[in-house]
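Chemist: Shown below is the structure under consideration.
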Amino acid sequence: MQALKRGNSRLAVDTITVAVTAENALSLLAPYDIILDCTDNAPTRYLLSDTAVTLGKPLVSGAAQKYDGQLCTYNLGPDGPCYRCLFPSPPPRESMASCEETGVLGAVTGIIGNMQALEAIKIITGLHDGKPSLLLFSALGSPCFRSIKLRSRKPSCTACGSKAYDRSIMLGTDYIQFCGGVHPDWEQQGLTIGDASHRINVNDFKGILNSGRPINLLDVRPKTEFGICQLPSSINIPLKQFLMNPKEYLPSDPQIETYIVCRLGNDSQIAAETLRRVEGVGAVKDIIGGLKAWSRHVDTAFPIY
Amino acid sequence: MASISIKVEFSGGLELLFSNERLHRLTIASIVPIDNHTPKSEEIIEGETKLVDVTFLIHYLRDNLLKERVELFMENNTVRPGILVLINDTDWELEGEGEYVLKDGDDIVFISTLHGG
Ligand SMILES: [Zn+2]
């Protein structure tokens, strides 16, 4: 906000730090002319679209993941389609990953965010041609940008279609349920205690490292993540490769304990469980909460990503 | 038998289902079975036929190019919710959706909607 003020000191900015929900969306957004969707999950995208339709306001929607971005203005003018016209039902839960899980290139969000701002300026100033289109960006594509001609409003759309839209339907929708339920919190799941004898917390593990006794430390993250940061003496065996032949990564001396680590403590549990089923293995433990817990409780200088 | 060449692209993460390749160039027969199965031989098609359309292409991709997880690509004989099909840079709904008859040189894009931000 300070950066915005530096650019234009006469700018009035209201900051509202409240989570948008089906209960408050209409009242929160009613005072404004344009809505920009910069959120990161399907339930909120449906909620904002339904709200924009109910309030009769354009919705400038930007999304980015990995190397790809999408920009679309919904509900523009008398017959611009809404989000539900294009995507009447949400995709299966397992096909939706958040940016935190899949990552996103910062420059891609920058490009989409800038285009989103430009789109909003065009609408405010009347420079927008009013035609519904979808802009696709792909950092690796050639060309990088493509602009797609879109359908107009769908008469059969449950949100903006010809049937009079009932506001109470929207307020009654459980958007999270509609989109397949709560997003799993992988960090919390990685911290679940489970069988205590099979798991070790980061502080106890630190003690083992300090003791200097020989251990077999396996890191099952993908190679690129291992390249970012790793614990000393750890060996990188990406989970997929590990599962193909877990035996291969056991120490030759069964007295040596095996410890398995990953980013949040989920993949390491899978790896440890698989290894324990192999005959004749020594002790196998996974590190609770993974490297994120390590960074939080043992070594705060250790990078979190 | 006559065939056509088309360009098929996957984007928004769908490429992961197709050997992580975004761009595929395909040559397919211009007359295909009406039930959308890929015939064993190009010469003999038993039963009724139709001109090759986008619905056939979707089935063809599933049966010949898809490596895993059919449910992340198809549902109820069409693409699953959340996938938008583009025919020569136009929303397929403006072109007749699955009934659009493919022409030589067409550019078909399958794009998964992104939620991240
Ligand atoms: Zn609609």
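Chemist: Keeping to the stretch A:1-39, report how many residues are in contact with a strand residue (DSSP E or B) (Cβ under 8 Å, 6 or more places away or on another chain) and acidic (Asp, Glu).
Modeler: The total comes to 1.
Chemist: Step by step: first the residues of the stretch A:135-159, then only those that are closer than 16 Å to residue A:65 by Cα and within 8 Å of chain B (Cβ to nearest Cβ), then the one that is nearest to the ligand (Cβ to nearest atom). Which residue is that?
Modeler: The residue in question is A:136.
Chemist: Moving on to the next point. What helices (runs of 4 or more DSSP H), lying completely within the stretch A:1-89, carry at least 2 residues that are in contact (Cβ under 8 Å) with a residue 12 or more places away in the chain and surrounded by fewer than 23 Cβ atoms within 10 Å (Cβ to Cβ)?
Modeler: Once the helices (runs of 4 or more DSSP H) in the stretch A:1-89 are filtered for at least 2 residues that are in contact (Cβ under 8 Å) with a residue 12 or more places away in the chain and surrounded by fewer than 23 Cβ atoms within 10 Å (Cβ to Cβ), what remains is A:25-29, A:42-55, A:83-86.
Chemist: Considering only residues that are more than 10 Å from chain A (Cβ to nearest Cβ) and either hydroxyl-bearing (Ser, Thr, Tyr) or not in a helix (DSSP H, G or I) (or both), look in the stretch B:88-103 and name the one that is most open to solvent (accessible area, probe 1.4 Å).
Modeler: In this case the residue turns out to be B:103.
Chemist: Another question, then. Anything in the stretch B:36-46 that is open to solvent by 60 Å² or more (accessible area, probe 1.4 Å) and free of Cβ contacts under 8 Å to residues at least 40 places away in the same chain? List them, or say none.
Modeler: Residues satisfying the conditions are B:37, B:40, B:44, B:46.
Chemist: Can you say whether residue A:51 is among the β-branched types (Val, Ile, Thr) and at pLDDT 90 or above, as far as the supplied structure shows?
Modeler: When the stated conditions are applied, residue A:51 passes them.
Chemist: Additional query: So, in the stretch B:1-35, how many residues would count as being open to solvent by 20 Å² or more (accessible area, probe 1.4 Å), assigned to a loop (DSSP other than H, G, I, E, B) and within 14 Å of another protein chain (Cβ to nearest Cβ)?
Modeler: Counting residues in the stretch B:1-35 that are open to solvent by 20 Å² or more (accessible area, probe 1.4 Å), assigned to a loop (DSSP other than H, G, I, E, B) and within 14 Å of another protein chain (Cβ to nearest Cβ) gives 4.
Chemist: Output the residue which, of all residues in the stretch A:108-134 that are open to solvent by 40 Å² or more (accessible area, probe 1.4 Å) and at the interface with chain B (Cβ under 10 Å from one of its Cβ atoms), is nearest to residue B:109 (Cα to Cα).
Modeler: Per the stated criteria, the residue is A:133.
Chemist: Which of (1) open to solvent by 20 Å² or more (accessible area, probe 1.4 Å); (2) under 16 Å from residue A:292 (Cβ atoms); (3) in contact with a helix residue (DSSP H, G or I) (Cβ under 8 Å, 6 or more places away or on another chain); (4) aliphatic (A, V, I, L, M) is the odd one out, the single condition residue A:228 does not satisfy?
Modeler: Here residue A:228 meets the rest and fails (3).
Chemist: Suppose we filter the stretch B:61-87 for residues that are buried (at least 20 other Cβ atoms within 10 Å of the Cβ) and either outside any strand (DSSP E or B) or among the aromatic types (Phe, Trp, Tyr) (or both); how many remain?
Modeler: Final tally of qualifying residues: 4.
Chemist: Then there's this: Those residues that are under 31 Å from the mean Cα position of the chain (by Cα) and within 18 Å of residue A:215 (Cα to Cα), I need them from the stretch A:274-305; list them, please.
Modeler: Those that are under 31 Å from the mean Cα position of the chain (by Cα) and within 18 Å of residue A:215 (Cα to Cα): A:275, A:285, A:286, A:287, A:288, A:290, A:291, A:294.
Chemist: Counting just the residues of the stretch B:104-117 that are within 11 Å of another protein chain (Cβ to nearest Cβ) and within 18 Å of residue B:28 (Cα to Cα), which one comes out surrounded by the fewest Cβ atoms within 10 Å (Cβ to Cβ)?
Modeler: Across the stretch B:104-117, the extreme among qualifying residues is B:107.
Chemist: Further question on the same structure: Can you pull out every residue in the stretch A:71-91 that is of a type in the set (A, V, I, L, M) and within 9 Å of chain B (Cβ to nearest Cβ)?
Modeler: Within the stretch A:71-91, A:86 is the sole residue that qualifies.
Chemist: Let me ask another. Between residues in the stretch A:155-181 that are within 13 Å of residue A:89 (Cβ to Cβ) and residues that are at pLDDT 80 or above and open to solvent by 70 Å² or more (accessible area, probe 1.4 Å), which pairs lie under 8 Å by C-beta distance while being six or more apart or on different chains?
Modeler: Once the first residue is within 13 Å of residue A:89 (Cβ to Cβ) and sits in the stretch A:155-181, its partners that are at pLDDT 80 or above and open to solvent by 70 Å² or more (accessible area, probe 1.4 Å) give A:157/A:88; A:158/A:88.
Yes/no per residue for (1) more than 20 Å from residue A:82 (Cα to Cα); (2) out of contact with any Leu (no Cβ under 8 Å at 6 or more places or on another chain):
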site: B:20; (1), (2): yes, yes
site: B:29; (1), (2): yes, yes
site: B:37; (1), (2): yes, yes
site: B:85; (1), (2): no, yes
site: B:102; (1), (2): yes, no
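Chemist: For residue A:12, are the conditions met, namely being more than 16 Å from the ligand (Cβ to nearest atom) and either under 19 Å from residue A:145 (Cβ atoms) or modelled with pLDDT under 90 (or both)?
Modeler: Yes: the conditions hold for residue A:12.
Chemist: Just need a number here: residues in the stretch A:103-143 that are under 20 Å from the mean Cα position of the chain (by Cα) and among the hydroxyl-bearing types (Ser, Thr, Tyr).
Modeler: 2
Chemist: When the stretch A:58-84 is examined, which residues are found to be away from the ligand (no atom under 14 Å from the Cβ) and closer than 20 Å to residue A:121 by Cα?
Modeler: Hits for the stretch A:58-84 are A:60, A:62, A:63, A:69, A:70, A:71.
The values are calculated or read from the model by the stated rules, or taken from the named source; none is laboratory data. Not measured: the values here are computed from a predicted model. FYI the Cβ positions are ideal-geometry reconstructions off the backbone, even for glycines, and counts take in every protein chain you see. Side chains are part of the model used for accessible areas, which takes the heavy atoms of the whole protein and leaves out ligands, DNA and RNA. Shrake-Rupley method; radii C 1.70, N 1.55, O 1.52, S 1.80 Å.
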